[in-house]
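Data first, discussion second: the structure below is written as structure tokens.
The values are calculated or read from the model by the stated rules, or taken from the named source; none is laboratory data. As the structure is a prediction and not an experimental result, all values here were calculated from the model. For neighbour counting, all protein chains shown are included, and Cβ atoms are generated from backbone atoms with ideal geometry for every residue, glycine included.
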Amino acid sequence: MKNPEKSDKMVVTLDGPAASGKSTTARLVAKEMGWLYLDTGAMYRAMAVKVLDEGIPLDDPEAIGAMARRTKMTLKASDEGTRVFLDGVEVTHRIRTPEVDRAVGPVCEVPVVREVLVALQREIGKKGSLVAEGRDMGTVVFPDADLKFYVIASIEARARRRRIDMERQGISVSLDELIHEIERRDRRDSERTHSPLRPAGDAGLLDTSEMTLEQQVGTVVQKIHRKMAR
Ligand code: DC
């Protein structure tokens, strides 16, 4: 039976390394539940687009932080994922280029950028039930989340998935190259000073190496229903 004292709003977090399967899983779980989907990687990527557009040097955290403070970011849900706008201008289709992949590392490490985006993420979290996906959702942004997942997969499975994504975009890259790139990003995400990637103490581990997308979504949805029934 549902506890009538408890608020109906639920927050579910999915954190984990790049290409672990968390983005697609989070988006489809949110769709199935009819909840908001919060893609926080898209937010850091959008800030990186603006840094590049304004020609701000990647080694100038003060200028990057000042830009973040004066930028108004808005997000809109769509069937393909989250649409991102900076000061009213859509940047959705510009956030996943190799140039942004390279720039987002230094940009997301700037404390002011994190402060601005964490505040916005919590603001969005007040609007209703949501599935929030990123690196620090369960540890920093929503420490009181109802359910937390730490999504992992073997490096080979992650590289294979990344290769399929890239082939769809007409880009061919060797598996070895992708493994190397993923290892580099893992190191960067987990060794940084601010909000490094690590599992929340109360997060459940979801290893997607041998799972289909349907199984990943099904596992999370089942746990949500179990939690809601309590
Ligand atoms: O998940 P993604 O590849 O779109 O994330 C892009 C970058 O943003 C990646 O370098 C990690 C960073 N990020 C972060 O620092 N904190 C988050 N909550 C989400 C992403």
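Structure notes:
- In this structure, ILE95 does not qualify as out of contact with any strand residue (DSSP E or B) (no Cβ under 6 Å at 6 or more places or on another chain), on the phi < 0 side of the Ramachandran plot and more than 16 Å from the ligand (Cβ to nearest atom).
- Filter result for THR13 (under 19 Å from the mean Cα position of the chain (by Cα) and in a helix (DSSP H, G or I)): no
- Selection status of ARG70, within 13 Å of the ligand (Cβ to nearest atom) and more than 16 Å from the chain's Cα centre (by Cα): no
- Residue in the range 172-187 that is modelled with pLDDT of 95 or more and over 26 Å from MET228 (Cα atoms) present: no
- Elements of type helices (runs of 4 or more DSSP H) contained in the range 142-230, each with 1 or more residues being more than 26 Å from THR97 (Cα to Cα): 213-229
- Subset of the range 1-37 (residues that are within 12 Å of the ligand (Cβ to nearest atom), at pLDDT below 95 and not basic (Lys, Arg)): GLY16, PRO17, ALA18, ALA19, SER20, GLY21, SER23, THR24
- Residues located in the range 32-82, provided they are assigned to a helix (DSSP H, G or I), touching a Gly at 6+ places or on another chain (Cβ under 7 Å) and closer than 22 Å to LYS9 by Cβ: THR40
- Top-ranked residue in the range 170-188 [being over 14 Å from ALA19 (Cα atoms) and away from the ligand (no atom under 15 Å from the Cβ); ranked as surrounded by the most Cβ atoms within 10 Å (Cβ to Cβ)]: VAL173
- Test: residue in the range 89-110 that is closer than 30 Å to GLY55 by Cα, part of a loop (DSSP other than H, G, I, E, B) and touching a Gly at 6+ places or on another chain (Cβ under 9 Å): yes
- Just one of the listed residues (GLU80, GLU90, GLU115) is more than 20 Å from ARG198 (Cα to Cα), within 16 Å of the ligand (Cβ to nearest atom) and surrounded by fewer than 16 Cβ atoms within 10 Å (Cβ to Cβ), namely GLU80.
- Residue within the range 142-165 that is over 19 Å from SER20 (Cα atoms), within 16 Å of the ligand (Cβ to nearest atom) and without any contact (Cβ under 8 Å) to a residue 60 or more places away in the chain present: yes
- On the stretch given as the range 115-132, residues that are assigned to a helix (DSSP H, G or I) and under 13 Å from the mean Cα position of the chain (by Cα) total 3.
- Against the conditions (1) closer than 19 Å to TYR44 by Cβ; (2) surrounded by 12 or more Cβ atoms within 10 Å (Cβ to Cβ); (3) among the β-branched types (Val, Ile, Thr), THR219 satisfies every one except (1).
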